[in-house]
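Chemist: Following this message is one structure expressed as structure tokens.
The values are calculated or read from the model by the stated rules, or taken from the named source; none is laboratory data. No experiment lies behind these values; they were computed from the predicted model shown. Glycine also receives a Cβ, built like all others from the backbone with ideal geometry; neighbour counts cover every protein chain displayed. SASA here: full protein model, heavy atoms, side chains in, ligands and nucleic acids out. Shrake-Rupley method; radii C 1.70, N 1.55, O 1.52, S 1.80 Å.
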Amino acid sequence: MPVIELPDAKPEKEKPKGLKALWNLLGPGLITGASDDDPSGIATYSQAGAQYGLTTLWTALITFPLMAAVQEMCARIGVVTAQGLTGILRKNYPKPILWLMVLFSFPAIILNIGADIAGMGAVANLIFPTVHPIIFSVVFTALLLVAIIALPYSKFAAVLKWLCAILLVYLVVPFLVKTDWVSVARHTFIPAIQFNKDYISVLVAILGTTISPYLFFWQATMEVETVKHDKRIVVNKRYIEDVGFDVDMGMLFSNIVMYFIILTTGTVLFNAGIHQIDTVEQAAKALEPIAGAGAYYLFAIGIIGTGFLAIPVLSGSLSYIISETFGWEEGLDKRLHEAPAFYAVIILSLLVGLGINYVGISPIQALIWSAILYGVTSPVIIAIVLHISNNKKVMGKYTNGGWSNLFGGMALLLMTAAAGFMFYFTFTG
């Protein structure tokens, strides 16, 4: 008997293959990885390369598995519990632990927001020197507030992440200048640690801006939002593996950019005798081999693009922390009238961050100090994440495996040791 096709029958959609299938697997992890290379990260990696040449290249290699492990834990926590980290602490842990995490997170995130806004204003002033950097900072803050409040973050980020592709120019510069590739390989695989205050401070800043606590909160809450909004998602072992792949790819992208920023500045700036970056002009000079006089434009687009991507992540992370602490309605995809307290925290955090512009701190120094503050506070947050992800009462059968605990424990030990050495050298001179 012949098969009769109904006129309104719709053929089943063919599943995407190849690169399109790979792209579809990438979501919150990729956005998190892209926002990790924010203006604070770019400034820190640039300072590391300028000040110490290639000797900090090894940090990109060693931090990848550590940051991937911690971010995967946070993602898995969000998927399994359908709650952010702060919400889990509020419901399952003593109140002092909750307030400890809030206390350690709040100052670093606020300083990071302010430093990023100041950095964006400073690079815009490179292009339009007649306009004061603070005016640009005010304009960028206003634009960010309008975009965060008016647009769903998923749409906002989908556009902005393409601006961050400008950071890929750092991958090209080392091939256009004289580069000692034997030295590059040696410093990539053999750590050359200097036990002094300045080197350890840069190391803490690198670790802090790479394994940043605000990304832990963001990763967990974005996974919650993804599952909540996509009714087709079934939370099982396969889905959690896909989430882990997304996280790994996002962290890999972040670390590749980090590696080449250090390599570029360690080759171009260090060899040119620029060992201390005090202004954005000095940092922009790293791109002159590829862009010549246009280096300022490339650098400015990169900083402004990453700032527009990262600041909503920073302010959103802080607002999720505060909202979950007090049980307020939350969500970047909600309208202002649906979550007024949530958006009030975002507005206040950007305004306070903008106020840092008037303190008189150099934008570059503010960016680096925010990274150092993350490096000091991260061990506490990582310890809490490790405990949650190993808590069967919270995670059920999806607690950490051996590799997660190994790399998570290594991240905790490395960051604790680095922060401890920094304090030791600071107070002993």
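Chemist: Quick one, what does Rg over Rh come out to for region 156-274 if you take C-alpha atoms and the Kirkwood Rh?
Modeler: Rg divided by Rh gives 1.06.
Chemist: Which semi-axes, in whole Å and largest first, does the equivalent ellipsoid of region 389-429 have when worked out from the alpha carbon gyration tensor as the square roots of 5 times its eigenvalues?
Modeler: Three semi-axes, in Å: 33, 10, 4.
Chemist: Could you work out the equivalent-ellipsoid semi-axes for region 254-410, taking the square root of 5 times each eigenvalue of the Cα gyration tensor, largest first, in whole Å? Don't jump to the answer; show the numbers that get you there.
Modeler: Details: eigenvalues 247, 120, 43 Å².
After diagonalising the Cα gyration tensor, the semi-axes are 35, 24, 15 Å.
Chemist: Normalised radius of gyration for region 325-364, please: alpha carbon Rg relative to 2.2 N^0.38 Å, two decimal places.
Modeler: After normalising by residue count via 2.2 N^0.38 Å, the value is 1.54.
Chemist: Mind pulling the angle between the C-alpha long axis of helix 133-150 and the longest principal axis of the chain? Nearest 10 degrees, somewhere in 0 to 90.
Modeler: For 133-150 against the chain, the angle is about 10 degrees.
Chemist: Please go through region 181-253 and write out the trypsin sites (Lys or Arg not before Pro) that DSSP classes as loop and that have at most 11 other C-beta atoms within 10 Å. Write out the running numbers ahead of the final one.
Modeler: Numbers: sites: ARG186, LYS197, LYS228, LYS231, ARG232, LYS237, ARG238; in loops: LYS231, ARG232.
Of the trypsin sites (Lys or Arg not before Pro), the ones in loops of region 181-253 whose Cβ has at most 11 other Cβ atoms within 10 Å are LYS231, ARG232.
Chemist: Could you tell me the ratio Rg/Rh of the chain? Both radii from Cα atoms, Rh via Kirkwood.
Modeler: 0.99
Chemist: Keeping all protein chains in the complex and leaving out DNA, RNA and ligands, what accessible area do you get for LEU386 with a 1.4 Å probe, in Å² to the nearest 10?
Modeler: 20 Å²
Chemist: Given springs between every Cα pair under 10 Å in a Gaussian network model of the chain, which of ALA108, ALA60, ALA147 has the largest fluctuation?
Modeler: Of ALA108, ALA60, ALA147, the most mobile in the Gaussian network model is ALA147.
Chemist: Sum up the charges of everything whose Cβ sits under 15 Å from the Cβ of TRP403, counting Lys and Arg as +1 and Asp and Glu as -1, but leave TRP403 out.
Modeler: -2
Chemist: Can you tell which of ALA310, ALA291, ALA68 shows the greatest fluctuation in a Gaussian network model of the chain with Cα springs below 10 Å?
Modeler: Residue with maximal mean-square fluctuation among ALA310, ALA291, ALA68: ALA291.
Chemist: Give the separation of the Cα centroids, region 41-97 to region 366-429, in Å.
Modeler: Value for the Cα centre distance between the two parts: 8 Å.
Chemist: Hey, in the GNM for the chain with a 10 angstrom Cα cutoff, which one of ILE31, ILE97, ILE109 fluctuates hardest?
Modeler: Between ILE31, ILE97, ILE109, it is ILE97 that shows the largest mean-square fluctuation.
Chemist: Measure nothing fancy, just the Cα-based angle from helix 153-163's long axis to the longest principal axis of the chain, in degrees from 0 to 90, nearest 10.
Modeler: So the helix axis and the longest Cα principal axis differ by about 40 degrees.
Chemist: Follow-up. Could you work out the helix-only [θ] at 222 nm for the chain, with each DSSP H run of four or more residues adding -39,500 (n - 2.57) and the total divided by the number of residues, to the nearest 500 deg cm²/dmol? The partial results should precede the final answer.
Modeler: Values: 19 runs with 315 residues, N = 429.
That comes out to -24500 deg cm²/dmol.
Chemist: Here's something else I'd like to know. Count charges around LEU98 for me, please; just the other residues with Cβ under 11 Å from its Cβ, Lys/Arg as +1, Asp/Glu as -1.
Modeler: Net local charge, LEU98 excluded: +2.
Chemist: Can you compute the radius of gyration and Dmax for region 128-211, using only the Cα atoms, both in Å?
Modeler: 19.6, 51
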